[in-house]
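A short worksheet on the structure shown next.
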Amino acid sequence: MKNIFSVLALALPIVASSSVYADESSQLKAKLTEVDTLKANFSQVVTDINNKEIQKGSGVFALAYPNQFYWHLTEPDESLIVADGTDVWIYNPFAEQVSVMDLNQAISASPIALLVHRDEQTWSKYSVTSANGCFDIMPKSSDAGVESVQVCFDDTKLTKMVLKDQQGNVSAFELSSQAPITADERALFKFTLPEDVDIDDQRLNSIN
């Protein structure tokens, strides 16, 4: 499961005071407020702990506040992640398997979900630093599946995301062809369960 969020998945030295963190966290949330909806193409490069390239990929990324995002990796292997506002659906067509978890579980696994989340209690679990138009988000707990997430902006446009997992792998994503979500594109955030797939229901309220 950690690998899934590494795919969605540059820690900086922690030298600022907690008051600075709070201020920079507010700056990031203000930036995200200006990006309430977004659809973009992405290109991905994954490197290992020795900075050796291990994978390239591309796909489509979309988000909408509150608590909705869409991540469709089309190359080299297809995978799909959809957050519908309550649950997160993770579909692997090759394995013919769908995993589903509560949104709060997903946020605990990766701070990338903070892009569409505004809850103050949740944000308090992360430290935020900024430099040169980029914000580094680091979980305060060692239980998170991702060590850090960096998001970069050109004015109000989200242009880049960099995720580092606990094994030292780094996934860098460049965004292009950005536009607000249209009314018709809202359907992206509704996951339709394919036929004949195995379902791994990890939701806390699941009876499975």
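The values are calculated or read from the model by the stated rules, or taken from the named source; none is laboratory data. In this text the structure is predicted, and so the values were computed from the model without any measurement. As a convention, Cβ positions derive from the backbone with ideal geometry for all residues, glycine included, and neighbour counts pool all protein chains shown.
Key figures for this structure:
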| read-out | value |
| --- | --- |
| Checklist (1) surrounded by 18 or more Cβ atoms within 10 Å (Cβ to Cβ); (2) modelled with pLDDT of 90 or more applied to Trp71, failing item | (2) |
| Selection status of Val162, modelled with pLDDT of 85 or more, more than 21 Å from Ser43 (Cβ to Cβ) and β-branched (Val, Ile, Thr) | no |
| Region 152-167 - residue that is assigned to a strand (DSSP E or B), touching a Ser or Thr at 6+ places or on another chain (Cβ under 9 Å) and not charged (D, E, K, R) and, of those, surrounded by the most Cβ atoms within 10 Å (Cβ to Cβ) | Leu163 |
| Residues (surrounded by 13 or more Cβ atoms within 10 Å (Cβ to Cβ) and not in a strand (DSSP E or B)) located in region 168-208 | Asn169, Ile181, Glu185, Arg186, Leu188, Phe189, Phe191, Val197, Gln202, Arg203 |
| Residues within region 50-96 that are more than 20 Å from Leu175 (Cα to Cα), assigned to a strand (DSSP E or B) and not aliphatic (A, V, I, L, M), tallied | 5 |
| Any chance Gln44 is out of contact with any His (no Cβ under 7 Å at 6 or more places or on another chain), under 25 Å from Ala131 (Cβ atoms) and modelled with pLDDT of 85 or more | yes |
| Cβ pairs under 6 Å, 6+ apart, first in region 26-48 and assigned to a loop (DSSP other than H, G, I, E, B), second surrounded by 19 or more Cβ atoms within 10 Å (Cβ to Cβ) | Val35/Leu158; Asp48/Asn169 |
| Any hit, region 106-117, residues being touching a helix residue (DSSP H, G or I) at 6+ places or on another chain (Cβ under 6 Å), closer than 18 Å to Leu38 by Cβ, at pLDDT 80 or above and crowded, with 19+ Cβ neighbours inside 10 Å | no |
| Members of region 48-104 that are under 22 Å from Lys160 (Cα atoms) and polar (S, T, N, Q) | Asn50, Asn51, Gln55, Ser58, Asn67, Gln68, Thr74, Ser79 |
